[in-house]
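The structure under discussion appears below in the form of structure tokens.
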């Protein structure tokens, strides 16, 4: 079930909110049970056959948490239960996400192994990492063991961030499961945040996706240089507005039910380096790898060679986390290379600010092209087309037509993903009039703007326009 679908917006969400605030008001246990049942139903809506994987993950990690807790009480080393928890969770992820890829890779080397027919459960990377964070947080003492399997099930399966994040660490929400407080201020702020994300997704990401998908579906040898650049640029904006829009909706939905999730994006395309970009992009994933892998390996408090090795491991696994394809591995390793060059060679450090931003955006744009390509060969051909060496022509009328048709959306995407968004975020509160009457008018204009976003987004959804979320497949 998609957040940006009529079933979710006009049936599922209103029903769950009504039950939560009217029929189960003041009864936390009943509210949590409602959210758990709703979350499992939400996950089973599109793929009911994979619901058992979710239930297995909940049961398995509930047991691992109790095992870790008992051994801590007995002052025993936790190596065995932690190793078992990590191994079982990663084994589950490997079977359903990487087994087919592994078999196909071995077959390409000359082996003849039957390829299993295993489909990828939606969001398995996200809920597996969340489940692991519970066990690891209990082991490290950051959180208490959860004795209620229903409460743990709610944490792992909570529908707002179940399928595409943000990845919520258990320690950050443990107290909120039973101790959260719902307020009208949070609920209204959550609605605004949800509508903001819906607008990002429906009004910008979906429009960019139409162009990006057409360009990447075309043989790179038939692409002109401007068309290749347009496709890559549209995908760069698509993935940002698609994923950040989903995160906005997830954070907003959480607030509607009294939960507060950490931010997942902070205007990453305004960054002046790749290092800064990854502090602003998919923050929940970066912080997960930092806390549970990078720091345990030694972080940056080690000799340079060891530090480079730590970065290599983290970015190799970051690439693999995104998908079972060599393009994702190459994508992660290119980021590793850029980060090492920035850290140890000072790449871009002393450049003027405008060149730092340009270098970062160009590097990210090229790497998103690699991320989007079906194969490494496809990525190489597309890259040559962007540079004017592999395409059919240096110019074609089709690229100008696509540019004209999408100029307004492209301009908005550029403005609100870069420095202008930061400028507006900093200065908009200062522009708010101090007088009571003008403040009321300002509030009415803001409310009107959000209503327009809601109505136009709903109209697009009713028309049945292009609507998938990119990160569902991860």
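Derivation of every value follows stated rules applied to the coordinates shown; laboratory data play no part. Bear in mind the structure is a predicted one, so any value in this text is a computation, not a measurement. All Cβ positions, glycine included, derive from the backbone under ideal geometry; neighbour counts span all protein chains shown.
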Computed over the range 103-205, the convex hull of the Cα set has an average projected area, in nm², of 10.9
Taking a crude spin-label model, label points 7 Å out from Cα along the C-beta direction, the residue 79 to residue 28 distance in nm is 3.9
Helix-only [θ] at 222 nm, the chain, -39500 (n - 2.57) per DSSP H run of 4+, per residue, nearest 500, equals -21500 deg cm²/dmol
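Rounded to the nearest angstrom and ordered from largest down, what semi-axes does the equivalent ellipsoid of the range 1-124 get from its C-alpha gyration tensor (root of 5λ)? Numbers along the way, then the final one.
Working: eigenvalues 240, 148, 13 Å².
Three semi-axes, in Å: 35, 27, 8.
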Cα-only Rg/Rh for the range 203-263 with Kirkwood Rh rounds to 1.22
One would report the Cα pair-distance distribution of the range 307-411, bin width 5 Å, in %, as 2, 11, 14, 17, 19, 16, 12, 6, 2, 1
Output row, site residue 188, 7 Å Cα→C-beta label point, backbone N cut-off 11 Å, window the range 1-38, residues none
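Can you give me the orientation-averaged projected area of the convex hull built on the Cα atoms of the chain, in nm²? Please list the in-between numbers first.
Details: hull surface 105.4 nm².
Average of the hull's projected areas for the chain equals 26.4 nm².
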Using the Kirkwood formula on alpha carbons, the hydrodynamic radius of the range 164-271 in angstrom works out to 15.6
Plugging the Cβ-Cβ distance of residue 445 and residue 115 into 1/(1 + (r/R0)^6) at R0 = 41 Å yields, to the nearest 0.05, a FRET efficiency of 0.10
Output row, site residue 86, 7 Å Cα→C-beta label point, backbone N cut-off 13 Å, window the range 293-318, residues 293-298, 314
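Two decimals is fine: what's Rg over Rh for the range 37-183, C-alpha atoms, Kirkwood radius as Rh? Walk me through the intermediate numbers first.
Values: Rg = 17.0 Å, Rh = 16.5 Å.
Over the Cα atoms of the range 37-183, Rg/Rh equals 1.03.
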